Amino acid sequence: MKERIVMLIDLDYFFAQCEERRNPSIKNKPVVVCVYSGRTEDSGAVSTANYTARRYGVKSGIPILLAKQKLKDIDAVFLPVDKEFYREISDKIMEILRRYADYFEQVGIDEAYLDVTQRTKGNYHEAKELATIIKDEILTHQDLTCSIGVGPNKLIAKIAADFQKPDGLTLVKPNEVVSFLSNLPVRRLVGVGRKTDKKLKTLEIRTVGQLGNFDVQKLIEVFGKKLGTYFHNASLGIDEEPVQERNEPESVSRISTLKKNTKDLAIILDESYLLCDEVYSVLLQRGLIYRSVSIIIIAGNLRVHSRSKTFENPKSDLEVFKKTVKELLEKFLSESNVEARRIGVKVSNLSKKEELQKQLTSFFDFTKK
Ligand code: DCP
Ligand code: CA
Ligand code: CA
(Lines give C-alpha, C1' and ligand atoms only; values in the text may rest on other atoms or scores of the structure.)
(Ligands and ions follow the chains in the order given, each with its own letter.)
Protein backbone atom coordinates (compact mmCIF):
# COMPACT_ATOMS: atom_id res chain seq x y z
CA MET A 1 0.00 0.00 0.00
CA LYS A 2 1.32 3.45 -0.79
CA GLU A 3 1.90 6.00 1.92
CA ARG A 4 -1.19 7.61 3.31
CA ILE A 5 -2.05 10.49 5.60
CA VAL A 6 -4.80 9.67 8.06
CA MET A 7 -6.41 11.91 10.67
CA LEU A 8 -8.41 10.97 13.72
CA ILE A 9 -10.59 13.73 15.08
CA ASP A 10 -11.93 13.22 18.57
CA LEU A 11 -14.16 15.79 20.25
CA ASP A 12 -12.98 16.84 23.70
CA TYR A 13 -14.96 15.73 26.80
CA PHE A 14 -17.81 15.48 24.38
CA PHE A 15 -21.03 15.12 26.41
CA ALA A 16 -19.82 17.60 29.01
CA GLN A 17 -18.68 20.06 26.36
CA CYS A 18 -22.12 19.90 24.74
CA GLU A 19 -23.61 20.80 28.12
CA GLU A 20 -21.19 23.73 28.46
CA ARG A 21 -22.21 24.92 25.03
CA ARG A 22 -25.87 24.79 26.00
CA ASN A 23 -25.21 26.68 29.21
CA PRO A 24 -21.93 28.63 29.11
CA SER A 25 -22.36 29.81 32.72
CA ILE A 26 -21.19 26.38 33.96
CA LYS A 27 -17.98 26.52 31.93
CA ASN A 28 -15.61 27.27 34.77
CA LYS A 29 -17.09 24.74 37.17
CA PRO A 30 -16.55 21.00 37.28
CA VAL A 31 -19.24 19.49 35.04
CA VAL A 32 -20.17 15.83 35.50
CA VAL A 33 -22.54 14.12 33.08
CA CYS A 34 -24.23 11.13 34.70
CA VAL A 35 -26.15 8.04 33.74
CA TYR A 36 -28.59 7.77 36.62
CA SER A 37 -29.77 4.22 37.09
CA GLY A 38 -32.85 5.42 38.92
CA ARG A 39 -32.54 2.93 41.75
CA THR A 40 -31.72 5.55 44.35
CA GLU A 41 -31.20 9.26 43.89
CA ASP A 42 -27.46 9.06 43.25
CA SER A 43 -27.00 5.54 41.94
CA GLY A 44 -25.42 5.25 38.55
CA ALA A 45 -22.17 6.04 36.82
CA VAL A 46 -20.33 9.02 35.40
CA SER A 47 -20.60 9.18 31.62
CA THR A 48 -17.95 11.85 31.27
CA ALA A 49 -16.70 15.01 32.94
CA ASN A 50 -15.06 18.24 31.83
CA TYR A 51 -11.36 18.76 32.43
CA THR A 52 -11.98 20.87 35.54
CA ALA A 53 -13.78 17.91 37.13
CA ARG A 54 -11.07 15.52 35.94
CA ARG A 55 -8.55 17.45 38.02
CA TYR A 56 -10.43 16.16 41.07
CA GLY A 57 -10.19 12.58 39.82
CA VAL A 58 -13.66 12.40 38.29
CA LYS A 59 -13.76 10.34 35.11
CA SER A 60 -15.94 8.13 32.91
CA GLY A 61 -17.24 5.01 34.57
CA ILE A 62 -16.85 5.85 38.25
CA PRO A 63 -19.94 5.77 40.51
CA ILE A 64 -21.80 9.07 40.81
CA LEU A 65 -21.51 8.81 44.58
CA LEU A 66 -17.74 8.63 44.34
CA ALA A 67 -17.70 11.66 42.04
CA LYS A 68 -19.78 13.54 44.61
CA GLN A 69 -17.28 12.63 47.31
CA LYS A 70 -14.39 13.83 45.21
CA LEU A 71 -16.20 17.11 44.58
CA LYS A 72 -17.43 17.56 48.13
CA ASP A 73 -17.81 21.23 49.11
CA ILE A 74 -17.05 22.26 45.55
CA ASP A 75 -19.45 24.18 43.33
CA ALA A 76 -19.84 21.41 40.75
CA VAL A 77 -22.60 20.72 38.24
CA PHE A 78 -24.13 17.23 37.88
CA LEU A 79 -26.33 16.66 34.85
CA PRO A 80 -28.15 13.67 33.36
CA VAL A 81 -27.09 12.49 29.88
CA ASP A 82 -29.09 13.92 26.99
CA LYS A 83 -28.04 11.65 24.14
CA GLU A 84 -30.42 13.16 21.61
CA PHE A 85 -28.91 16.58 22.06
CA TYR A 86 -25.35 15.21 21.72
CA ARG A 87 -26.33 13.20 18.67
CA GLU A 88 -27.69 16.29 16.96
CA ILE A 89 -24.43 18.15 17.51
CA SER A 90 -22.45 15.09 16.48
CA ASP A 91 -24.38 14.78 13.20
CA LYS A 92 -23.63 18.40 12.30
CA ILE A 93 -19.94 18.03 13.07
CA MET A 94 -19.68 14.80 11.10
CA GLU A 95 -21.19 16.64 8.12
CA ILE A 96 -18.44 19.22 8.37
CA LEU A 97 -15.70 16.59 8.69
CA ARG A 98 -16.93 14.56 5.77
CA ARG A 99 -16.32 17.52 3.46
CA TYR A 100 -12.63 17.52 4.34
CA ALA A 101 -11.96 13.85 3.64
CA ASP A 102 -11.06 11.81 0.56
CA TYR A 103 -12.41 8.88 2.56
CA PHE A 104 -14.43 9.23 5.72
CA GLU A 105 -15.21 6.86 8.55
CA GLN A 106 -17.17 7.75 11.66
CA VAL A 107 -16.31 5.46 14.56
CA GLY A 108 -18.47 6.60 17.40
CA ILE A 109 -20.55 9.54 18.46
CA ASP A 110 -17.53 11.80 18.82
CA GLU A 111 -14.77 10.61 16.52
CA ALA A 112 -13.98 10.00 12.88
CA TYR A 113 -11.09 9.02 10.65
CA LEU A 114 -10.31 11.07 7.56
CA ASP A 115 -8.02 9.84 4.82
CA VAL A 116 -6.59 13.07 3.41
CA THR A 117 -3.79 11.63 1.28
CA GLN A 118 -5.01 13.02 -2.04
CA ARG A 119 -6.01 16.47 -0.96
CA THR A 120 -2.77 17.03 0.93
CA LYS A 121 -0.74 15.35 -1.81
CA GLY A 122 0.79 13.26 0.94
CA ASN A 123 2.39 16.33 2.45
CA TYR A 124 2.42 16.67 6.25
CA HIS A 125 2.76 20.42 6.14
CA GLU A 126 -0.48 20.64 4.20
CA ALA A 127 -2.07 18.08 6.52
CA LYS A 128 -1.24 20.29 9.47
CA GLU A 129 -2.84 23.29 7.79
CA LEU A 130 -5.91 21.25 6.98
CA ALA A 131 -6.19 20.04 10.58
CA THR A 132 -5.99 23.64 11.78
CA ILE A 133 -8.73 24.68 9.38
CA ILE A 134 -10.92 21.81 10.63
CA LYS A 135 -10.37 22.77 14.26
CA ASP A 136 -11.25 26.38 13.48
CA GLU A 137 -14.38 25.45 11.62
CA ILE A 138 -15.69 23.18 14.38
CA LEU A 139 -14.97 25.89 16.93
CA THR A 140 -16.52 28.71 14.90
CA HIS A 141 -19.60 26.88 13.72
CA GLN A 142 -20.25 24.39 16.50
CA ASP A 143 -18.47 26.05 19.41
CA LEU A 144 -16.60 22.88 20.36
CA THR A 145 -12.94 21.96 20.65
CA CYS A 146 -11.44 18.72 19.43
CA SER A 147 -8.12 16.91 19.38
CA ILE A 148 -6.59 15.73 16.14
CA GLY A 149 -3.97 13.10 15.47
CA VAL A 150 -2.27 12.89 12.09
CA GLY A 151 -0.17 9.96 10.93
CA PRO A 152 0.49 7.36 8.25
CA ASN A 153 -2.36 5.07 9.38
CA LYS A 154 -5.36 4.75 11.68
CA LEU A 155 -3.42 3.20 14.53
CA ILE A 156 -0.95 6.09 14.71
CA ALA A 157 -3.61 8.76 14.11
CA LYS A 158 -5.63 7.43 17.04
CA ILE A 159 -2.72 7.34 19.47
CA ALA A 160 -1.58 10.76 18.27
CA ALA A 161 -5.04 12.24 18.91
CA ASP A 162 -4.94 10.92 22.48
CA PHE A 163 -1.43 12.24 22.97
CA GLN A 164 -2.36 15.84 23.65
CA LYS A 165 -5.79 16.70 24.96
CA PRO A 166 -7.89 18.80 25.04
CA ASP A 167 -7.63 21.02 21.94
CA GLY A 168 -4.55 19.16 20.75
CA LEU A 169 -2.95 18.64 17.37
CA THR A 170 -0.26 15.98 17.10
CA LEU A 171 1.49 15.00 13.89
CA VAL A 172 3.56 11.84 13.62
CA LYS A 173 5.43 11.51 10.34
CA PRO A 174 6.40 8.06 9.07
CA ASN A 175 10.03 8.44 10.14
CA GLU A 176 8.90 9.46 13.64
CA VAL A 177 6.57 6.53 14.22
CA VAL A 178 8.95 4.19 16.00
CA SER A 179 10.38 6.79 18.35
CA PHE A 180 6.90 8.22 19.01
CA LEU A 181 5.61 4.82 20.05
CA SER A 182 8.62 3.51 21.88
CA ASN A 183 8.13 5.23 25.23
CA LEU A 184 4.35 5.02 25.37
CA PRO A 185 2.82 2.57 27.84
CA VAL A 186 1.38 -0.51 26.07
CA ARG A 187 -2.05 0.46 27.40
CA ARG A 188 -2.22 3.10 24.66
CA LEU A 189 -2.51 0.45 21.95
CA VAL A 190 -6.03 -0.42 20.87
CA GLY A 191 -6.67 -3.91 22.20
CA VAL A 192 -4.57 -3.70 25.35
CA GLY A 193 -6.98 -3.68 28.26
CA ARG A 194 -6.31 -4.12 31.95
CA LYS A 195 -5.93 -7.91 31.74
CA THR A 196 -3.57 -7.87 28.77
CA ASP A 197 -1.61 -5.08 30.40
CA LYS A 198 -1.10 -7.30 33.45
CA LYS A 199 -0.03 -10.25 31.34
CA LEU A 200 2.43 -8.09 29.45
CA LYS A 201 3.86 -6.80 32.73
CA THR A 202 4.66 -10.37 33.78
CA LEU A 203 6.75 -10.54 30.58
CA GLU A 204 8.38 -7.26 31.67
CA ILE A 205 6.75 -5.45 28.79
CA ARG A 206 5.63 -1.98 29.82
CA THR A 207 6.28 0.22 26.83
CA VAL A 208 5.36 -0.18 23.20
CA GLY A 209 9.07 -0.16 22.41
CA GLN A 210 9.63 -3.17 24.68
CA LEU A 211 6.71 -4.90 23.00
CA GLY A 212 8.28 -4.28 19.59
CA ASN A 213 11.56 -5.79 20.70
CA PHE A 214 9.91 -8.86 22.18
CA ASP A 215 10.14 -12.12 20.26
CA VAL A 216 7.02 -12.56 18.08
CA GLN A 217 6.97 -16.31 18.57
CA LYS A 218 6.83 -15.87 22.33
CA LEU A 219 4.04 -13.33 21.99
CA ILE A 220 2.13 -15.83 19.87
CA GLU A 221 2.67 -18.54 22.49
CA VAL A 222 1.17 -16.32 25.17
CA PHE A 223 -1.61 -14.56 23.27
CA GLY A 224 -2.33 -16.86 20.35
CA LYS A 225 -1.54 -16.27 16.72
CA LYS A 226 -4.06 -13.50 16.06
CA LEU A 227 -3.40 -11.29 19.01
CA GLY A 228 0.32 -12.03 19.16
CA THR A 229 0.85 -10.99 15.54
CA TYR A 230 -1.39 -7.97 15.97
CA PHE A 231 0.55 -6.74 19.03
CA HIS A 232 3.84 -7.20 17.26
CA ASN A 233 2.79 -5.24 14.18
CA ALA A 234 0.98 -2.59 16.19
CA SER A 235 4.04 -1.99 18.33
CA LEU A 236 5.97 -1.20 15.16
CA GLY A 237 3.22 1.16 14.01
CA ILE A 238 2.14 -1.10 11.17
CA ASP A 239 -1.54 -0.87 10.27
CA GLU A 240 -3.01 -1.22 6.80
CA GLU A 241 -6.68 -0.79 7.73
CA PRO A 242 -8.30 1.46 5.15
CA VAL A 243 -10.42 4.44 6.14
CA GLN A 244 -13.79 3.48 4.83
CA GLU A 245 -17.34 4.60 5.01
CA ARG A 246 -19.47 2.24 7.03
CA ASN A 247 -22.41 0.99 5.16
CA GLU A 248 -24.42 -0.33 7.99
CA PRO A 249 -27.98 -1.22 7.13
CA GLU A 250 -30.64 1.17 8.41
CA SER A 251 -32.60 -1.69 9.81
CA VAL A 252 -33.05 -5.45 9.74
CA SER A 253 -36.54 -6.90 9.59
CA ARG A 254 -38.44 -10.09 8.87
CA ILE A 255 -42.08 -10.49 8.09
CA SER A 256 -44.26 -13.55 7.64
CA THR A 257 -47.85 -14.47 6.91
CA LEU A 258 -49.85 -16.21 9.62
CA LYS A 259 -51.68 -19.44 8.87
CA LYS A 260 -54.94 -17.60 9.41
CA ASN A 261 -55.94 -14.12 10.50
CA THR A 262 -55.91 -13.86 14.26
CA LYS A 263 -55.75 -11.57 17.27
CA ASP A 264 -54.58 -14.35 19.58
CA LEU A 265 -51.47 -13.08 21.36
CA ALA A 266 -50.00 -16.56 21.88
CA ILE A 267 -50.14 -17.47 18.20
CA ILE A 268 -48.79 -14.11 17.10
CA LEU A 269 -46.03 -14.28 19.70
CA ASP A 270 -44.91 -17.75 18.61
CA GLU A 271 -44.46 -16.54 15.08
CA SER A 272 -42.84 -13.27 16.17
CA TYR A 273 -40.24 -15.05 18.27
CA LEU A 274 -39.19 -17.12 15.26
CA LEU A 275 -38.77 -13.90 13.31
CA CYS A 276 -36.78 -12.40 16.19
CA ASP A 277 -34.39 -15.36 16.00
CA GLU A 278 -33.85 -14.76 12.30
CA VAL A 279 -33.30 -11.05 12.67
CA TYR A 280 -30.98 -11.64 15.59
CA SER A 281 -28.81 -14.05 13.64
CA VAL A 282 -28.30 -11.33 11.02
CA LEU A 283 -27.24 -8.91 13.77
CA LEU A 284 -24.77 -11.45 15.12
CA GLN A 285 -23.35 -12.16 11.69
CA ARG A 286 -22.79 -8.50 10.99
CA GLY A 287 -21.72 -7.56 14.51
CA LEU A 288 -24.54 -5.05 14.96
CA ILE A 289 -26.38 -3.80 18.01
CA TYR A 290 -29.74 -2.01 18.01
CA ARG A 291 -31.44 0.86 19.76
CA SER A 292 -34.96 0.52 18.38
CA VAL A 293 -37.37 -2.40 18.18
CA SER A 294 -40.57 -2.34 16.12
CA ILE A 295 -43.47 -4.61 15.40
CA ILE A 296 -45.41 -4.47 12.16
CA ILE A 297 -48.93 -5.80 11.94
CA ILE A 298 -50.63 -6.10 8.60
CA ALA A 299 -54.34 -6.44 9.12
CA GLY A 300 -56.82 -8.57 7.24
CA ASN A 301 -57.81 -5.47 5.27
CA LEU A 302 -54.06 -4.96 4.47
CA ARG A 303 -53.76 -1.83 6.57
CA VAL A 304 -50.28 -1.60 8.05
CA HIS A 305 -49.84 -0.83 11.73
CA SER A 306 -46.56 -0.47 13.55
CA ARG A 307 -45.31 0.26 17.02
CA SER A 308 -41.75 0.91 18.21
CA LYS A 309 -39.65 1.45 21.23
CA THR A 310 -36.28 3.20 21.28
CA PHE A 311 -33.75 2.69 24.04
CA GLU A 312 -31.35 5.31 25.26
CA ASN A 313 -28.40 2.96 24.84
CA PRO A 314 -27.76 0.23 22.29
CA LYS A 315 -28.80 -3.31 23.19
CA SER A 316 -27.10 -6.47 22.10
CA ASP A 317 -29.20 -9.30 23.44
CA LEU A 318 -31.96 -11.44 22.07
CA GLU A 319 -33.91 -11.48 25.34
CA VAL A 320 -34.44 -7.72 25.39
CA PHE A 321 -35.46 -7.88 21.74
CA LYS A 322 -38.07 -10.57 22.40
CA LYS A 323 -39.32 -8.98 25.58
CA THR A 324 -39.80 -5.66 23.79
CA VAL A 325 -41.64 -7.34 20.93
CA LYS A 326 -43.91 -9.02 23.47
CA GLU A 327 -44.63 -5.75 25.29
CA LEU A 328 -45.38 -3.93 22.05
CA LEU A 329 -47.66 -6.72 20.82
CA GLU A 330 -49.52 -6.99 24.12
CA LYS A 331 -50.11 -3.28 24.17
CA PHE A 332 -51.15 -3.13 20.53
CA LEU A 333 -53.57 -6.06 20.78
CA SER A 334 -55.14 -4.76 23.97
CA GLU A 335 -55.72 -1.35 22.43
CA SER A 336 -56.96 -2.27 18.99
CA ASN A 337 -59.34 -4.69 17.46
CA VAL A 338 -57.16 -5.63 14.52
CA GLU A 339 -56.93 -9.18 13.22
CA ALA A 340 -53.38 -9.79 12.10
CA ARG A 341 -52.77 -11.32 8.69
CA ARG A 342 -49.04 -10.79 8.49
CA ILE A 343 -46.65 -10.02 11.29
CA GLY A 344 -43.17 -8.51 11.27
CA VAL A 345 -40.38 -7.51 13.63
CA LYS A 346 -37.67 -4.96 13.01
CA VAL A 347 -34.59 -3.53 14.71
CA SER A 348 -33.17 -0.15 13.71
CA ASN A 349 -30.79 2.57 14.89
CA LEU A 350 -28.05 0.02 14.37
CA SER A 351 -24.39 0.37 15.21
CA LYS A 352 -21.29 -1.79 15.25
CA LYS A 353 -20.80 -3.93 18.30
CA GLU A 354 -17.06 -3.87 18.80
CA GLU A 355 -14.68 -1.61 17.01
CA LEU A 356 -11.72 -3.59 18.19
CA GLN A 357 -13.15 -6.91 17.20
CA LYS A 358 -13.59 -5.66 13.68
CA GLN A 359 -10.19 -4.06 13.54
CA LEU A 360 -8.54 -7.21 14.76
CA THR A 361 -10.40 -9.60 12.49
CA SER A 362 -9.94 -7.58 9.35
CA PHE A 363 -6.32 -7.05 10.27
CA PHE A 364 -5.76 -10.78 10.34
CA ASP A 365 -7.66 -11.27 7.15
CA PHE A 366 -5.19 -8.87 5.69
CA THR A 367 -2.14 -10.66 7.12
CA LYS A 368 -3.34 -13.94 5.64
CA LYS A 369 -3.38 -12.49 2.11
N1 DCP B 1 -18.80 7.79 27.28
C2 DCP B 1 -19.58 7.15 28.25
N3 DCP B 1 -19.03 6.20 29.07
C4 DCP B 1 -17.71 5.86 28.96
C5 DCP B 1 -16.91 6.49 28.00
C6 DCP B 1 -17.49 7.46 27.17
O7 DCP B 1 -20.78 7.45 28.33
N8 DCP B 1 -17.19 4.94 29.78
C9 DCP B 1 -19.42 8.84 26.43
C10 DCP B 1 -19.25 10.21 27.05
C11 DCP B 1 -18.15 10.84 26.28
C12 DCP B 1 -18.30 10.20 24.90
O13 DCP B 1 -18.79 8.89 25.15
O14 DCP B 1 -18.28 12.26 26.23
C15 DCP B 1 -17.00 10.14 24.12
O16 DCP B 1 -16.05 9.34 24.82
P17 DCP B 1 -14.52 9.66 24.86
O18 DCP B 1 -13.83 8.44 25.30
O19 DCP B 1 -14.08 10.27 23.57
O20 DCP B 1 -14.36 10.70 26.06
P21 DCP B 1 -14.65 12.24 26.13
O22 DCP B 1 -14.99 12.83 24.80
O23 DCP B 1 -15.67 12.50 27.19
O24 DCP B 1 -13.29 12.82 26.67
P25 DCP B 1 -11.90 13.06 25.90
O26 DCP B 1 -11.69 14.55 25.93
O27 DCP B 1 -10.90 12.34 26.72
O28 DCP B 1 -12.04 12.53 24.51
CA1 CA C 1 -13.71 12.47 22.97
CA1 CA D 1 -14.01 9.29 21.45
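Extents of the chain, largest first, come to 70, 58, 45 Å (Cα atoms, principal axes, whole angstrom). Among 217-225, 86-94, sorting by the average number of other beta carbon atoms lying within 10 angstrom of each residue, highest first, gives 86-94, 217-225. Rounded to the nearest 10 degrees, the inclination of helix 216-235 to the longest alpha-carbon principal axis of the chain is 70 degrees. Grab the beta carbon distance between Lys173 and Lys198, set R0 = 41 Å, and tell me the FRET efficiency rounded to 0.05. After rounding to 0.05, the efficiency reads 0.80. Normalising the Debye intensity of the stretch 1-74 to I(0), with uniform scatterers on Cα atoms only, and taking log10 at q = 0.12, 0.19 Å⁻¹ returns -0.39, -0.76. Only helices enter this figure: runs of n ≥ 4 DSSP H residues, each worth -39500 (n - 2.57), summed and divided by the residues of the chain, yield -14000 deg cm²/dmol at 222 nm to the nearest 500. Listed by chain and number, the aspartates and glutamates whose alpha-carbon sits under 17 Å from that of Lys263, ignoring those within fewer than 8 places in the same chain, are Glu271, Glu327, Glu330, Glu335, Glu339. Split the accessible area of the chain by element, probe 1.4 Å, and carbon with sulfur accounts for 49%. Distance from the C-alpha centroid of the stretch 201-243 to that of the stretch 30-51: 36 Å, rounded to the whole angstrom. Using C-alpha pairs below 8 Å separated by at least 6 residues, the relative contact order for the stretch 228-352 is 40 percent. Ordering of 23-34, 259-270 by packing is 23-34, 259-270, highest average first (other Cβ atoms within 10 Å, averaged per residue). Once the C-beta distance of Glu129 and Thr40 is scaled by a Förster radius of 41 Å, the resulting FRET efficiency is 0.20 to the nearest 0.05. Solvent exposure of the chain amounts to 52 Å² per residue of accessible area, where only protein heavy atoms count and the probe is 1.4 Å.
Based on C-alpha pairs under 8 angstrom that are at least 6 apart in sequence, the chain has a relative contact order of 14 percent. Placing a label point 7 Å from the Cα of Gln210 along the Cα-to-Cβ line, the residues of the stretch 161-192 whose backbone N sits under 14 Å from it are 182-188. Listed by chain and number, the lysines whose C-alpha is less than 21 Å from the C-alpha of Lys199, apart from same-chain residues fewer than 8 away, are Lys218, Lys225, Lys226. For the stretch 27-156, the relative contact order is 16 percent, taking Cα pairs closer than 8 Å that sit 6 or more residues apart in sequence and dividing their mean separation by the residue count.
Over 31 Å apart at the Cα level, from the set Lys259/Lys322; Lys2/Lys135; Lys201/Lys353; Lys59/Lys331; Lys92/Lys158; Lys29/Lys309, are Lys59/Lys331; Lys29/Lys309.
Between Leu284 and Val190, the simple spin-label model (points 7 angstrom out along Cα→Cβ) gives 2.6 nm. The Stokes-Einstein estimate for the stretch 52-155, based on a Kirkwood radius over Cα pairs and taken at 20 °C with 1.002 mPa s viscosity, is a diffusion coefficient of 132 µm²/s.
Most tightly packed first, judged by the mean number of other beta-carbon atoms within 10 Å of their residues, the peptides 2-11, 206-215 read 2-11, 206-215. A simple spin-label model places pseudo-atoms 7 Å from Cα toward Cβ; at Leu66 and Glu312 they are separated by 2.0 nm. Inverting the pair-averaged 1/r between distinct Cα atoms of the stretch 1-127 gives 16.3 Å as its Kirkwood hydrodynamic radius. In terms of its alpha-carbon gyration tensor, the stretch 157-197 comes out oblate; a/c meets the 1.5 threshold, while b/c is at least as large as a/b.
The values are calculated or read from the model by the stated rules, or taken from the named source; none is laboratory data. Predicted model only: the values in this text are computed from it and were never measured. Methodologically, a virtual Cβ is constructed for each residue, glycine included, from the backbone with ideal geometry; neighbour enumeration extends over all protein chains shown. Protein only, heavy atoms only, side chains kept; ligands, DNA and RNA dropped before computing areas. Shrake-Rupley method; radii C 1.70, N 1.55, O 1.52, S 1.80 Å.
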